[in-house]
Amino acid sequence: MFDPLPPDLVAALSRLSSRLGAFSALRYLAEADSTNDLALELAVAGAAEGTAVLADLQRAGRGRRGRDWFSPPGAGLYLSVVVRPRGPMRATPFITLAAGVAAADAVREATALPVELKWPNDLVIGRPWRKLGGVLSETVARGGTIDAVVIGIGINLLQVAYPRDIADRATSIETELGRPVDRGALVVGVLGAMRDVVERLHAGDHAGIGRDWRRLGGVGLGGAAVRWLDREQERRGRALDIDDDGALLVEVGGRVERVIAGEVRWEGLSRE
Ligand code: BTN
């Protein structure tokens, strides 16, 4: 079902296999519909935490909110990782936030680019923000509990012609850095960062992960003006913070509301 790992990945994995532990179980396919679909199948079949799937291209890559994820050959990192949550079910959205921290820190480490997080877990850069990557998590439920969460991470690597609807909001590591990044090193960096953050999740370190999220996404908190759609109605407020469940806390007319889903826009930071 899977293809042999290409040499750049074999070399990068063997350099750092001790850091990766169970997160070195990387499967590879030159072409996939969606790496999330494959990782979901593996999770349902009992794959251990840390099992990951990488593809060179996705024919039907999925983004959040039912969108497509543009996945041309070799131009992006398309990776999905199986996580087995141990805490209460309500902690699941927090896993997605934690994955955003891992992905952003891995890109920062591999490139020194000042990548930030836009709630909940878009990897963004510059002013106004341009999107460099994103996280889509999908769950496997069994008997009322979450059996596995598949964390799908997409990062734009190479400068390509993006579809018209995202062209003015998307960017890539190559565009920002002026040169491409070593894909193998970045994949291994993301897997290593995922291992660290998942261990911290299992240890219950929500506070520490929250602090890391604020380090990367803090520019959009502390009173930043936001607007979002709530059941077709536009709402406006000031983003204050995130809470321990990963919700965005927004002050609206003197009251604090929890925003748990939806597309939030930041005045002066989001591109209109
Ligand atoms: C977003 O909309 O910001 C989330 C994008 C997630 C894309 C990744 S690419 C690897 C994995 N497979 C998919 O089909 N989607 C995720």
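Overview of values
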item	result
Alpha-carbon gyration tensor eigenvalues x 5, square-rooted, for segment 199-272, Å	24, 13, 11
Principal axis box of segment 68-155, alpha-carbon based, largest edge first, Å	44, 26, 22
Loop-resident sites, segment 1-69, for trypsin sites (Lys or Arg not before Pro), counting at most 14 other Cβ within 10 Å (DSSP)	59, 67
Kirkwood-Stokes translational diffusion coefficient of segment 1-75, alpha-carbon pairs, 4 °C, 1.567 mPa s, µm²/s	98
Rounded to whole Å, sorted largest first: equivalent-ellipsoid semi-axes of segment 120-272, Cα gyration tensor	26, 24, 16
For the chain, Kirkwood radius (reciprocal of mean inverse C-alpha pair distance, Å)	18.8
Rounded Å value of the spacing that divides the Cα centres of segment 73-124 and segment 1-72	14
In sequence order, calculated HN-Hα J values of segment 131-145 (Karplus, 6.51, -1.76, 1.60; Hz; x Gly/Pro)	8, 9, x, x, 10, 10, 9, 9, 10, 10, 9, 9, x, x, 10
For segment 104-201, alpha-carbon Rg over 2.2 N^0.38 Å	1.19
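Values in this text are rule-based calculations from the coordinates and carry no lab data. From a predicted model like this one, the values you see are computed outputs, not experimental measurements. In this analysis, Cβ positions are derived from the backbone assuming ideal geometry, glycine residues included, and neighbour counts consider all displayed protein chains.
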